[in-house]
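Here the structure comes first, spelled out in structure tokens, and everything after it is commentary.
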Amino acid sequence: MNQTYAQAQEGRLVSIATQMLASQLGIDPRNIKVEVVQYVKDWGDENLGLPPKNPNEFTDDTVEPGYRIILEYGNTPYEYHTDLGIHVVRYK
């Protein structure tokens, strides 16, 4: 993966997370600050580092790279985990 593609992909995922948070909080996305964007080589499973919703749920232990994105609004941090596609989930 070349650097330009990786930067575009990272920007797209940050934009998705920002839009998600803005929608959840009912605010303008321009008021959200991007604090951290960190590449994660392997989340450990397909749940992107989150516990399964169902404790009896089986998860695939494949290598799942992505990003850890921390956004801030009103001095409150919001953490999102992504894969390298379009999956973005709020962690905290």
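What the table shows:
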| item | result |
| --- | --- |
| Output for the stretch 72-92, where each listed residue is in contact with a strand residue (DSSP E or B) (Cβ under 6 Å, 6 or more places away or on another chain), loosely packed, with under 14 Cβ neighbours inside 10 Å and either at pLDDT 90 or above or part of a strand (DSSP E or B) (or both) | 77 |
| Lone unmet requirement of (1) at pLDDT 95 or above; (2) aliphatic (A, V, I, L, M); (3) in contact with a Phe, Trp or Tyr (Cβ under 7 Å, 6 or more places away or on another chain); (4) crowded, with 16+ Cβ neighbours inside 10 Å for residue 25 | (4) |
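Okay, residues lined up against (1) part of a strand (DSSP E or B); (2) out of contact with any strand residue (DSSP E or B) (no Cβ under 7 Å at 6 or more places or on another chain); (3) more than 13 Å from residue 70 (Cβ to Cβ):
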{"residue": "5", "(1), (2), (3)": "no, yes, yes"}
{"residue": "10", "(1), (2), (3)": "no, no, yes"}
{"residue": "14", "(1), (2), (3)": "no, no, no"}
{"residue": "19", "(1), (2), (3)": "no, yes, yes"}
{"residue": "22", "(1), (2), (3)": "no, yes, yes"}
{"residue": "34", "(1), (2), (3)": "yes, no, no"}
{"residue": "44", "(1), (2), (3)": "no, yes, yes"}
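The values are calculated or read from the model by the stated rules, or taken from the named source; none is laboratory data. Keep in mind that this is a model prediction, so the values were computed, not measured. Note that each Cβ is placed from the backbone with ideal geometry, even for glycine, and that neighbours are counted across all protein chains shown.
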